[in-house]
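**Student:** Pasting in a structure now, in structure tokens, and then I'll have a few things to ask.
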Amino acid sequence: MTETDAVKLTNITKRFPSVLANDNINFVLKKGEIHALLGENGAGKTTLMNILYGLQRADSGTIEVYGRPVSIHNPNDALSLKIGMVHQHFMLFEPFTVIENIMLGREIHQCGVLDRKKARKKVVDLSESFGLTVDPDSYISEISVAMQQRVELLRILYQGADILILDEPTAVLSPQEIVEFGAILRKLVTSGKSVIVITHKLKEIIDFADRCTVVSRGKVVNTLSVSDVDAHALASMMIGHELQAQVQSHKNAPGPRLLSLQNIYAEDDRGHTAVQGVTLDVHAGEILALTGVDGNGQREIIEVLAGVRKASSGSILLRDQEIQNYSPRMLYESGCANIPEDRHKDGLVFKFTVAENIALRTYRNYVEGPFLRFDKMNHDAVSLIQDFNIYPADPMHAVGEMSGGNQQKVIIARELVDNPEFIVAAHPTRGLDVGAASYVQQSLVQEKERGAAILLISFDLDEILQIANRIAIIYNGKIIAVKSASDLTREQLGLGFAGIAE
Amino acid sequence: MKKRNLTRTITLVSAILLGFTAGGIFLFFSGYSPLRALEKLFLGIFGRPRYVIWVMVRAVPLVLTGLSVAVAYKAGLFNIGAEGQFIIGALVAALVGYHVRLPMVLHIPFVFLCSMIGGAVFGGIAGILKARYGIQEVISTILLNWIALYSNNFLLKFPGIKRPDSEASFQVRETAQIDLFARFKTSDSWIPFQMENPAIADALKASLSMGVFVAILAAIIVHYLLKRTTLGYQIRAVGFNENASRYQGIPVNWIKSGSLAISGALAGLGGSLHVLGVTKEVSRLAIMEGFGFDGISVALIGASNPLGILLSSFFFSGIRYGAVSVQRDLGTPTEIINITIGTIVFFVAIPYLFERIMLAIKKRKEQKNAN
Ligand SMILES: Nc1ncnc2c1ncn2[C@@H]1O[C@H](COP(=O)(O)OP(=O)(O)OP(=O)(O)O)[C@@H](O)[C@H]1O
Ligand SMILES: [Mg+2]
């Protein structure tokens, strides 16, 4: 142990009733480095970081911060040790402004009155010195996800954090935003902060981390300097064997038009017209990617297609039949599947088991008189658990107690199980490790080749370019370009994200 | 799972101890011996076989209203209206029990059915108001309680319903009464039986009714309803995550209205059992009797679990019944007993609420960190 270690975790073990999430983990974060933590879904990354942040207690092991042994019982302890954490799901208060969110819990008082001026100055100083530009007076509900993330970062910096833990921060960012994010991280470490980043994107690790630690099934596989490795080596280290070949997507000729959005208008929750006359055709046997910076109307389109949001005008045709007023159940019965964007809110019932979640759409198949055949339900879930490599492989496991990536796999298993004709896939690989992501992409490609029409909502350029046939760019609720995937370059996509279509 | 049950049991036991301690302090400062009161309370519940039976008989309405609150709660709804649904069930039972003539085997089930329908309609109204117009069930069920109370009082003004020279309805016919052994106790063989089996005879002196068995059966049915049936699956899904349920195509609004209707049916059955087994009639109500409100506490203490509700109803009914002995023997004023009971309920319910809130916060945190 030297003065240059910001955090040293020694022999951390954490057992959950069904799994050993952390098994004698040793981990060192050096002062002033960006340290990437990577590993398969369910490897134990979040658990380890929750332990460091005081959200969970280790069964055994020691934590040292700047060379001093410490015990961390709750996030307040962590904060007083200058440790801050940003979770993948942000914890901001939407009706409050940026500055209010940042101040929350650390208000500066002057005889009991909030000293906004002083707080504001501190925030502005912080954001200038790290390039975290935000408008302090906007409401959270009005700013993009990337901006919200900056607010989260500012908040922990404001609280005085020197050791930053970021759990999958880039999953919600568009490519351009990721580049900016990398620059921000660099500035943070040059000013003496130390950063732990959890990510599944190997390319990012190579781009902006100094060292990385690979964990697998709760154990550390290796800690190494990023300059010594390439993405390929990292991947095979993580999954324990060579990554299979890239996703094979034959650019087959698409079939007839299957789903058609015609001049759709829709409002967002605040009553603004978020979708402004979108017209799109998706053909059988094609993957159409709808891409653009988050918050440009994608969410509303997804919800309209799920039957939970009414379009204010326009029509939706499925095989030339109007389905605008279909309920979610009718949509499902006419062969539509929907992988929602927010798996916590829309996708899963956390207290239900894996099997019960998979059956949310198909439970009518198990009805016997008034009863539901839970035994059959569990039985059927077992094979899906195997197909999609869901871990832990137990149909009776509560979904709320699974890792983020495995939760996503449960949704995908449910949606793809009975050969849908039309699939809306919103960020289907968000939060998945490389192996799982390529499995899901391969499954989507298979569905397409089987003849399904797929609308893929994503801003992962590699994913889009690899599996999409055509790409539509959305900006400000309008489609500004639809092109064949082979005609588009990354640069053009980048411009499209900014609303520039030539 | 196991661990959580253990902590819950510990919370519950310590809450009960705390409650009794607090009650004891009240008694002490009013000049009564808490220990003697406790002794009397215990003897008042378990001192004679018939006391135990009485406690069970009096627990019957609480089991039903407790189950009623629990079913709605599983669907994420707070049914404050068990009180009104109970009143409607009782009123219907009194009317159908007197005005309809059927042989016993048909009459009793027919009264049950009608009361359940009455309660279900009453609960269902709140459900439809919620599902259709988004009106909070907490508000609408409170208002419906008053409507039930005044409907009861209003109908009891009419000749044909009101028994002449009384404030009550006609008594239900014998074919609709559910007491057990009533005949036996007035027969000739009763006296020799009493001599030979004093303990059993003592137990039989309490007016044991079919209600006890119906209540236990209802708890079992609700257990299976929630755990094993399609409807139970839907109710639980909606209760845990309404958004996801809607997104996945579960008819959320139907399920909500439906669960409130079932909830109403259970409370209505409670009213029915109370009339057919105990009161035989309904009277003008100056205030709410509180069976439905007690059901909320019962469901809370019983963790909305049918078996838990059976136990908590017995507990609840026990301290109420035992308190009568304390009052009679020690002369404690009623208020003190009520304060004591209130304190116990408070201490039992608050940690449970507290635990739920803590759990919810923790869960939310964990969910947010699940990645
Ligand atoms: N609250 C919990 N109760 C029980 N088991 C849990 C709980 N949280 C996590 N686990 C289990 O611990 C293991 C590690 O989970 P963790 O969330 O740390 O994984 P992760 O590496 O962050 O994965 P991902 O990349 O999918 O987010 C998983 O098998 C998970 O099922
Ligand atoms: Mg995680």
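Let's see how each residue does on (1) within 13 Å of ligand 1 (Cβ to nearest atom); (2) away from every other protein chain (no Cβ under 14 Å); (3) not in a helix (DSSP H, G or I); (4) not hydroxyl-bearing (Ser, Thr, Tyr):
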position: A:Val179; (1), (2), (3), (4): no, yes, no, yes
position: A:Gly192; (1), (2), (3), (4): no, yes, yes, yes
position: A:His200; (1), (2), (3), (4): yes, no, yes, yes
position: A:Cys212; (1), (2), (3), (4): no, yes, yes, yes
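**Student:** I would also like to ask the following. Could you check how many residues of segment A:399-416 are more than 16 Å from ligand 2 (Cβ to nearest atom) and within 13 Å of another protein chain (Cβ to nearest Cβ)?
**Tutor:** Qualifying residue count, segment A:399-416: 2.
**Student:** If you don't mind, another one. Of the residues that sit in segment A:319-352 and are buried (at least 20 other Cβ atoms within 10 Å of the Cβ) and in a strand (DSSP E or B), which one is nearest to the other protein chains (Cβ to nearest Cβ)?
**Tutor:** A:Asn338
**Student:** Pick out the one residue from A:Ala359, A:Ala413, A:Ala398 that is under 20 Å from the mean Cα position of the chain (by Cα) and either buried (at least 17 other Cβ atoms within 10 Å of the Cβ) or among the basic types (Lys, Arg) (or both).
**Tutor:** Exactly one of A:Ala359, A:Ala413, A:Ala398 is under 20 Å from the mean Cα position of the chain (by Cα) and either buried (at least 17 other Cβ atoms within 10 Å of the Cβ) or among the basic types (Lys, Arg) (or both), namely A:Ala413.
**Student:** Here is a further query. Any residue at all in segment A:380-390 that is open to solvent by less than 70 Å² (accessible area, probe 1.4 Å) and within 16 Å of ligand 2 (Cβ to nearest atom)?
**Tutor:** The answer is yes, given that some residue of segment A:380-390 is open to solvent by less than 70 Å² (accessible area, probe 1.4 Å) and within 16 Å of ligand 2 (Cβ to nearest atom).
**Student:** In segment A:386-396, is there at least one residue being touching a strand residue (DSSP E or B) at 6+ places or on another chain (Cβ under 8 Å), within 12 Å of another protein chain (Cβ to nearest Cβ) and within 24 Å of A:Asn419 (Cβ to Cβ)?
**Tutor:** no
**Student:** Please state which one of A:Val189, A:Val195 is assigned by TED's automatic domain parsing to the domain that holds A:Ile140, of a type in the set (A, V, I, L, M), crowded, with 21+ Cβ neighbours inside 10 Å and away from ligand 2 (no atom under 16 Å from the Cβ).
**Tutor:** A:Val195
**Student:** Output the residues belonging to segment A:255-291 that are in contact (Cβ under 8 Å) with a residue 60 or more places away in the chain, under 22 Å from A:Tyr139 (Cα atoms) and either in contact with a Cys (Cβ under 7 Å, 6 or more places away or on another chain) or open to solvent by less than 40 Å² (accessible area, probe 1.4 Å) (or both).
**Tutor:** Within segment A:255-291, A:Ala274, A:Val275 meet the criteria.
**Student:** Let me ask something else. In segment A:78-89, is there at least one residue being at pLDDT below 85, within 16 Å of ligand 1 (Cβ to nearest atom) and open to solvent by 20 Å² or more (accessible area, probe 1.4 Å)?
**Tutor:** Yes, because at least one residue in segment A:78-89 is at pLDDT below 85, within 16 Å of ligand 1 (Cβ to nearest atom) and open to solvent by 20 Å² or more (accessible area, probe 1.4 Å).
**Student:** Here's a check for you: in segment A:164-177, which residue that is away from ligand 1 (no atom under 16 Å from the Cβ) and in contact with a Lys or Arg (Cβ under 8 Å, 6 or more places away or on another chain) is least open to solvent (accessible area, probe 1.4 Å)?
**Tutor:** If we take residues in segment A:164-177 being away from ligand 1 (no atom under 16 Å from the Cβ) and in contact with a Lys or Arg (Cβ under 8 Å, 6 or more places away or on another chain), then A:Leu164 is least open to solvent (accessible area, probe 1.4 Å).
**Student:** Okay, moving on. Has segment A:35-51 got any residue that is surrounded by fewer than 19 Cβ atoms within 10 Å (Cβ to Cβ), in contact with a strand residue (DSSP E or B) (Cβ under 8 Å, 6 or more places away or on another chain) and farther than 13 Å from A:Ile12 by Cα?
**Tutor:** No, segment A:35-51 contains no residue that is surrounded by fewer than 19 Cβ atoms within 10 Å (Cβ to Cβ), in contact with a strand residue (DSSP E or B) (Cβ under 8 Å, 6 or more places away or on another chain) and farther than 13 Å from A:Ile12 by Cα.
**Student:** Which residue out of B:Val63, B:Val52, B:Val69, B:Val92 is open to solvent by 20 Å² or more (accessible area, probe 1.4 Å), in contact (Cβ under 8 Å) with a residue 12 or more places away in the chain, β-branched (Val, Ile, Thr) and in contact with a Phe, Trp or Tyr (Cβ under 9 Å, 6 or more places away or on another chain)?
**Tutor:** B:Val52
**Student:** Okay, next question. Name the one entry in A:Val410, A:Val434, A:Val482 that is more than 16 Å from ligand 1 (Cβ to nearest atom) and of a type in the set (A, V, I, L, M).
**Tutor:** Criteria check complete, one pass: A:Val482.
The values are calculated or read from the model by the stated rules, or taken from the named source; none is laboratory data. Source: prediction; values computed, not measured. Cβ: placed from backbone, ideal geometry, glycine included. Neighbour counts: every protein chain shown. Quick note on the areas: whole protein, heavy atoms, side chains included, nothing else; ligands and nucleic acids left out. Shrake-Rupley method; radii C 1.70, N 1.55, O 1.52, S 1.80 Å.
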